[in-house]
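S.K.: Before I ask anything, let me first share the structure, which is written out below as structure tokens.
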There are 2 protein chains.
Amino acid sequence: MEALGQGWFSEINDLWPGISLSLQVTKILHQEKSAYQDILVLETKSHGRVLVLDGIIQCTEKDEFSYQEMIAFLPLCSHPDPKNVLIVGGGDGGVAREVVKHPGVQTITQVEIDASVLAVSKRYLSFMSVGLEHPKVTLKVDDGFEFMKQHTGQFDIIITDSSDPVGPAECLFHESYFSLMKTALKPGGIVCSQAGTVWANLDHVAQTLRHCRSTFPVASYGVATVPTYPTGQIGFVLGSLNKETNFKEPVKVFQESELDLMNMKYYNDQVHRASFVLPRFAEKAMNASRNH
Amino acid sequence: MEALGQGWFSEINDLWPGISLSLQVTKILHQEKSAYQDILVLETKSHGRVLVLDGIIQCTEKDEFSYQEMIAFLPLCSHPDPKNVLIVGGGDGGVAREVVKHPGVQTITQVEIDASVLAVSKRYLSFMSVGLEHPKVTLKVDDGFEFMKQHTGQFDIIITDSSDPVGPAECLFHESYFSLMKTALKPGGIVCSQAGTVWANLDHVAQTLRHCRSTFPVASYGVATVPTYPTGQIGFVLGSLNKETNFKEPVKVFQESELDLMNMKYYNDQVHRASFVLPRFAEKAMNASRNH
């Protein structure tokens, strides 16, 4: 059997036992232990710069666009008038970079708990941190839970761009977090949270969707292809306070010419609709979760 | 940086440099050098049994269903009356296992060049090789090229379940192969070939689609999620002799209750439609290929 030689970073985690993605590293740019997590920035042979938190790949320069576009535009295009957006997490800046592209958005408040992620991103990952510099963005270094407790009824959209449910982000997958987001939303508000993949963690995805469904009158789960995430894709749980919301049918459709100007490489309205079509085994698990 | 210890199989190939998927191996079940390729069968910790040809993962027990269902039912459900099917390659038997599920199919001819793959599959991969035992299936150990030269105008569907375009399968991606398939089809016939992923080999996928377009009046490219393939997905190039074919809209729609009886875990008509929706960057590359 072939084995990897020196100079590869391998992602090993109990969330996906027995399988591991590796990237060939040309340089370790940064390595630190922050107050919250281990932070690693790599220069790789084939995927540009890569951010790793607690041993898990968060984004690579080559394919981060699909995740950022989708976690931003699935909720934005499901809302008729998304003026005020809250981003919880997302310290690299990639989500903010996408949200500012929506012409209706007036303010973006971003709450990241780990100041070190912000600093590392600004220094090494400018292709994402550019989002943090936009004049519409107000950045807070704070705990998303605490921040929302003090800001009720203020946001049209809340995007939770978290790491996986181990470590500092674990609480962002609990029912109490969905309840808290509900109080921070304006009427008709929409939430969108990173929610893992049905191919590795089907039960966990179904549980997160259940939490969302028990809190919001409308909830759904859509996916995006991200080759460097485990199983090559990641999903998002969306919830809406507006009973009329149909996440599968965007209320705002951008024309292809507009999307070109917005430098969108992944998202359009067709991709939006298709992202909610799940394999039969996953669709069944999601529907079964309605009955719990 | 974490490194993998002993007991992992790592897939390393110049088709996707700098990135590698690894599976934790509990037992090497079989290893041989056939007349055509290196054959390896592994028992893994998390993905069941795995077939590896020339160092590339062909299928794992855990997720092979999505590939097999899609390469079979995308063409089958795009044809109004698919009676006679030819499978080129597919020696593991997984595609035949799916094709026999379609009630309209009367005969399946399968041409596999490497008798060793057939033997290994029958011995170690019975969850797939069961397809080879079906009474509708006639198995030939032969070169697909040679076989088709002698069998013109005989098939409604030709499915090419090949390995990647390095080694014995390279010729199956050339324009001459599409021309040959055309002569082996009956009027209105349809072809479907494994065609790689836009995330790792965009130019190659676009080229294969160009070959298909230059041979068939209708051609398209759809994808399936397969977590253990490079980038987590794989695509199929489809071509039809019937100008009215719209691959994005299946002419045969199976009901969910029928699909349950057929033990389909991935495919339904919604998945069929969604599989042809590509990310913007890929859609643009596919359309650009029309002009070459």
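The values are calculated or read from the model by the stated rules, or taken from the named source; none is laboratory data. Here the structure is a predicted model, which means the values were calculated and not measured. As a convention, Cβ positions derive from the backbone with ideal geometry for all residues, glycine included, and neighbour counts pool all protein chains shown.
S.K.: Go through segment A:261-292 and count every residue that is more than 19 Å from A:Val105 (Cβ to Cβ) and in a helix (DSSP H, G or I).
M.R.: 16
S.K.: Filtering segment B:240-267 down to residues that are buried (at least 20 other Cβ atoms within 10 Å of the Cβ) and not hydrophobic (A, V, I, L, M, F, W, C), which residue is farthest from B:Val99 (Cα to Cα)?
M.R.: Among residues in segment B:240-267 that are buried (at least 20 other Cβ atoms within 10 Å of the Cβ) and not hydrophobic (A, V, I, L, M, F, W, C), the one farthest from B:Val99 (Cα to Cα) is B:Thr245.
S.K.: Please pick out the residue among B:Ile71, B:Ile56 that is within 11 Å of chain A (Cβ to nearest Cβ), buried (at least 20 other Cβ atoms within 10 Å of the Cβ) and hydrophobic (A, V, I, L, M, F, W, C). Before you say what the answer is, go through the steps one by one.
M.R.: Values: B:Ile71 fails: within 11 Å of chain A (Cβ to nearest Cβ).
Unique residue meeting the criteria: B:Ile56.
S.K.: Which condition number in (1) within 11 Å of chain A (Cβ to nearest Cβ); (2) surrounded by fewer than 19 Cβ atoms within 10 Å (Cβ to Cβ); (3) of a type in the set (S, T, N, Q) is the one that B:Ser20 fails?
M.R.: Looking at each condition in turn, B:Ser20 falls short on (2).
S.K.: Could you please give the count of residues in segment B:176-214 that are of a type outside the set (S, T, N, Q), under 25 Å from B:Ser20 (Cβ atoms) and in a helix (DSSP H, G or I)?
M.R.: Taking segment B:176-214 as the starting set, the residues that turn out to be of a type outside the set (S, T, N, Q) are B:177-178, B:180-182, B:184-192, B:195-196, B:198-200, B:202-206, B:209-213.
Filter once more, so that each one left must be under 25 Å from B:Ser20 (Cβ atoms): B:195-196, B:198-200, B:202-206.
Pick out the ones that are also in a helix (DSSP H, G or I) and you get B:202-206.
The qualifying residues number 5.
S.K.: I've got another one for you. For segment A:216-253, give me each residue that is within 11 Å of chain B (Cβ to nearest Cβ) and assigned to a loop (DSSP other than H, G, I, E, B).
M.R.: A:Val226, A:Pro227, A:Thr228, A:Tyr229, A:Lys248
S.K.: Of the residues A:Leu29, A:Leu15, which single one is surrounded by fewer than 22 Cβ atoms within 10 Å (Cβ to Cβ), assigned to a loop (DSSP other than H, G, I, E, B) and more than 11 Å from chain B (Cβ to nearest Cβ)? Reasoning before the result, please.
M.R.: Values: A:Leu29 fails: assigned to a loop (DSSP other than H, G, I, E, B).
Step by step, each of A:Leu29, A:Leu15 is checked, and only A:Leu15 is surrounded by fewer than 22 Cβ atoms within 10 Å (Cβ to Cβ), assigned to a loop (DSSP other than H, G, I, E, B) and more than 11 Å from chain B (Cβ to nearest Cβ).
S.K.: Of the residues B:Val111, B:Val130, only one is surrounded by 16 or more Cβ atoms within 10 Å (Cβ to Cβ), assigned to a strand (DSSP E or B) and not assigned by TED's automatic domain parsing to the domain that holds B:Arg49; which?
M.R.: Result: B:Val111 is the single residue among B:Val111, B:Val130 that is surrounded by 16 or more Cβ atoms within 10 Å (Cβ to Cβ), assigned to a strand (DSSP E or B) and not assigned by TED's automatic domain parsing to the domain that holds B:Arg49.
S.K.: Then there's this: From A:Ser126, A:Ser116, A:Ser121, which residue is free of Cβ contacts under 8 Å to residues at least 12 places away in the same chain and either closer than 22 Å to A:Leu53 by Cα or among the charged types (D, E, K, R) (or both)?
M.R.: A:Ser126
S.K.: What pairs come up if the first residue lies in segment A:256-270 and is without any contact (Cβ under 8 Å) to a residue 12 or more places away in the chain, the second is in a loop (DSSP other than H, G, I, E, B) and not basic (Lys, Arg), and their beta carbons are under 7 Å apart, counting only those six or more places apart or on different chains?
M.R.: Pairs that qualify, where the first residue is without any contact (Cβ under 8 Å) to a residue 12 or more places away in the chain and the partner is in a loop (DSSP other than H, G, I, E, B) and not basic (Lys, Arg), are A:Leu259/A:Asn268; A:Gln270/B:Val277.
S.K.: For segment B:54-89, give me the residue count where each residue is in a loop (DSSP other than H, G, I, E, B) and either at pLDDT below 95 or among the basic types (Lys, Arg) (or both). Write out each step before concluding.
M.R.: Pass one, segment B:54-89, residues in a loop (DSSP other than H, G, I, E, B): B:54-55, B:61-63, B:77-83.
When the remaining residues are screened for being either at pLDDT below 95 or among the basic types (Lys, Arg) (or both), the result is B:54-55, B:62, B:83.
The number of residues fulfilling the criteria is 4.
S.K.: Here is a check on your reading of the model: is A:Lys149 out of contact with any helix residue (DSSP H, G or I) (no Cβ under 6 Å at 6 or more places or on another chain), over 18 Å from A:Pro82 (Cα atoms) and surrounded by fewer than 24 Cβ atoms within 10 Å (Cβ to Cβ)?
M.R.: yes
S.K.: Another question, then. Taking segment B:5-41 as the region of interest, how many residues are farther than 22 Å from A:Val226 by Cβ and not polar (S, T, N, Q)?
M.R.: Selection size over segment B:5-41: 18.
S.K.: Still on this structure, I have one more. Could you list, in sequence order, all residues of segment A:123-150 that are closer than 15 Å to A:Glu32 by Cα and among the basic types (Lys, Arg)? Walk me through it before giving the result.
M.R.: As a first pass, look at segment A:123-150 and keep what is closer than 15 Å to A:Glu32 by Cα: A:123-124.
Selection gives A:Arg123 alone.
S.K.: Just one of B:Ser275, B:Ser257 is more than 19 Å from B:Val95 (Cα to Cα) and within 13 Å of another protein chain (Cβ to nearest Cβ); which is it?
M.R.: Details: B:Ser275 fails: more than 19 Å from B:Val95 (Cα to Cα).
None of the other options fit; the residue is B:Ser257.
S.K.: Does B:Gln270 satisfy the criteria of being buried (at least 22 other Cβ atoms within 10 Å of the Cβ) and at pLDDT 95 or above?
M.R.: no
S.K.: Any residue in segment B:90-99 that is touching a residue at least 12 places away in the same chain (Cβ under 8 Å), assigned to a strand (DSSP E or B) and within 27 Å of B:Val251 (Cα to Cα)?
M.R.: Checked segment B:90-99: no residue is touching a residue at least 12 places away in the same chain (Cβ under 8 Å), assigned to a strand (DSSP E or B) and within 27 Å of B:Val251 (Cα to Cα).
S.K.: So in segment A:184-206, with the set limited to residues that are crowded, with 19+ Cβ neighbours inside 10 Å and not aliphatic (A, V, I, L, M), which one is nearest to the chain's Cα centre (by Cα)?
M.R.: A:Gln194
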